[in-house]
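Participant: Have a look at this one.
The values are calculated or read from the model by the stated rules, or taken from the named source; none is laboratory data. Keep in mind that what you see is a predicted model, and the values were worked out from it rather than measured. Don't worry about glycine lacking a Cβ; one is built from the backbone with ideal geometry, like all the others, and counts go over all protein chains shown. We work out accessible area using only protein heavy atoms, side chains counted, and drop any ligands, DNA or RNA first. Shrake-Rupley method; radii C 1.70, N 1.55, O 1.52, S 1.80 Å.
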Amino acid sequence: MLTGISVAFMGGDARQLEVIQKFTELDATVTLIGFDNLGRQFSGVTNAKLQPALLQTIDALILPAVGTDDSGQVDSIFSSEEMILTEDHISSLPKHAKVYTGMAKNYLKKLCVAQGIEVVELFDRDDVAIYNSIPTAEGALMMAIQNTDITIHGSVCMVLGFGRTGFTMAKTLQGLGATVKVGVRKPEHFARAWEMGFQPFYTKDLYPEVGNIDLLFNTIPTMIVTAQVITNIPHRALIIDLASKPGGTDFRFAERRGIRAMLAPGLPGIVAPKTAGRIMANTLTQLIEEDFKDRSDVE
C-alpha cells in the first residue's frame with residue numbers, strides 16, 4: 001500500500017491514466033497537474049495548477065515518458081496550457097523527494113542534480129524495456145503491414161541491434177515466417193543470434209548485407225543507416241527506425257533516393273497505451289513503495 005505517500009502527476013498521455021488508477025487503488029495521495037481537460041474523473045484525486053508551493057509536500061513527482069524537452073516543457077494531451085518545469089519547482093520539492101520519468105533529457109537531469117533531487121528513469125530498467133519491447137514489436141509490424149504490398153512471411157527482414165527491443169523484434173518476425181538478418185556488434189550476440197536461427201552479421205559489414213532486404217528495423221540510437229548504406233538498399237525496401245529521436249537513419253538522404261524511412265519511437269504509448277500504462281504502473285508503485293517504506297512519517 002502507498003498510504004501516506006504524496007504523489008504528483010504532471011502531464012503525460014493515455015498511459016498515465018493507468019498509472020493514476022493504480023496509485024489511487026493503493027491509497028496514495030494523488031495530485032494531478034496538467035489534466036484540466038481530462039474527461040475521466042478519479043475518486044479522491046486533486047487537480048491543481050503548477051506552482052512551486054504545491055510541490056513542497058510531494059514525495060514523488062511523476063513526469064511523462066519523456067520528462068521534459070530541452071527547454072523544460074512538459075507535454076500533456078489533457079491540457080492546453082503550457083507547463084514549464086523550472087529550478088523554482090524542483091527546489092520546492094522536499095530533499096527526500098524523487099522525480100520519476102521514462103527518460104530524462106539533460107535539462108531535467110541538470111535541474112535535479114543542482115537541487116540534490118534523484119531522477120529515476122524507468123526505461124533504463126531491463127524489466128520495463130523488455131515488457132515494452134512487446135508492444136514496440138507489434139507496433140512496428142503494424143507499420144510494416146500498412147506501408148508495404150508484401151507479406152511478412154517470405155520477406156527478407158533486417159534487425160539492427162540485438163538488445164531488448166531487437167531480440168523481441170527479430171523473434172516476432174521469425175515467428176511470422178520471415179528470413180531475419182540480425183546486425184550485431186558483440187561476438188556473444190552473434191553466437192546467440194546464430195543459435196536462434198537468425199542470419200547474424202557484424203554491423204561493420206552493413207553495406208553489403210542490405211542489398212537484398214525488404215524491411216529494415218533499426219533499434220540502434222546512433223547514426224548507422226548512413227547515406228552510403230542507403231545507396232545499397234533496394235528501392236522497394238521500407239526502413240522503420242525504432243530508436244529514440246533522432247534515430248539512427250539518414251532520413252534526408254533516404255527521401256532523396258526515394259526510399260521510405262519512418263521514425264517510430266514511443267510505439268508502446270501509441271499502439272497499446274493501456275498495456276504500456278500497466279507496465280509503468282506496476283513498476284512505479286513497486287519502486288515508490290520500496291523507496292519510501294523506511295520513512296518514519298509514512299504510516
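Participant: Heavy-atom accessible area per residue, the chain, 1.4 Å probe: how many Å²?
Facilitator: Ligands and nucleic acids excluded, the figure is 47 Å² per residue.
Participant: Which order do the peptides 133-140, 205-212 take when ranked by the mean count of other beta-carbon atoms within 10 Å per residue, highest first?
Facilitator: Averaged packing, sorted descending, gives the order 133-140, 205-212.
Participant: If Lys and Arg each add +1 and Asp and Glu each add -1, what is the summed charge of the other residues whose beta carbon sits under 15 Å from the beta carbon of Thr285?
Facilitator: So the surrounding residues net to -2.
Participant: Tell me the label only: which of [x] 22.5; [y] 20.7; [z] 24.0 is Kirkwood radius over Cα pairs in Å as calculated from this structure?
Facilitator: Recomputing Kirkwood radius over Cα pairs in Å here picks out [y].
Participant: List, in order, the whole-Hz ³J(HN,Hα) value for each residue of region 95-101 obtained from phi through the Karplus relation with A = 6.51, B = -1.76, C = 1.60 and θ = phi - 60°; use x for Gly and Pro.
Facilitator: Residue by residue, region 95-101 yields 5, 7, 5, 10, 10, 10, 7 Hz.
Participant: Here's a follow-up. Can you sort Phe78, Phe123 by solvent-accessible area, 1.4 Å probe, largest first?
Facilitator: Final ranking, largest accessible area leading: Phe123, Phe78.
Participant: Take Asp241, Asp70 and sort them by solvent-accessible surface of the protein heavy atoms, 1.4 Å probe, largest at the top.
Facilitator: These residues rank, largest area first, as Asp70, Asp241.
Participant: Considering only protein heavy atoms and a probe of 1.4 Å, how much of the accessible area of region 1-144 is carbon and sulfur, as a whole percent?
Facilitator: Accessible surface attributable to carbon and sulfur in region 1-144 totals 49 percent.
Participant: Turning to a different aspect of this structure: I want to verify a result. In a Gaussian network model of the chain, Cα cutoff 10 Å, which of these has the top mean-square fluctuation: Ile150, Ile230, Ile58?
Facilitator: Looking only at Ile150, Ile230, Ile58, the biggest GNM fluctuation is shown by Ile150.
Participant: Sticking with this structure for a sec: What FRET efficiency would be calculated for the residue pair Lys293, Gln73, taking the C-beta separation as r and a Förster radius of 30 Å, to the nearest 0.05?
Facilitator: Efficiency for this residue pair is about 0.35.
Participant: Suppose accessible area is computed on protein heavy atoms with a 1.4 Å probe; arrange Asp27, Asp126, Asp214 from highest to lowest.
Facilitator: Reading off the accessible areas and sorting them downward yields Asp126, Asp27, Asp214.
Participant: Please build a GNM for the chain, connecting alpha carbons under 10 Å apart, and tell me which residue among Gln21, Gln73, Gln146 fluctuates the most.
Facilitator: So, out of Gln21, Gln73, Gln146, the one fluctuating most is Gln146.
Participant: If the chain between Thr57 and Ala191 were fully stretched, how many nm would it gain, using 0.36 nm times the residue separation less the Cα-Cα distance?
Facilitator: Roughly 43.0 nm would be gained on extension.
Participant: Using per-residue counts of other Cβ atoms within 10 Å, averaged over each peptide, order 181-191, 98-108 from highest down.
Facilitator: 98-108, 181-191
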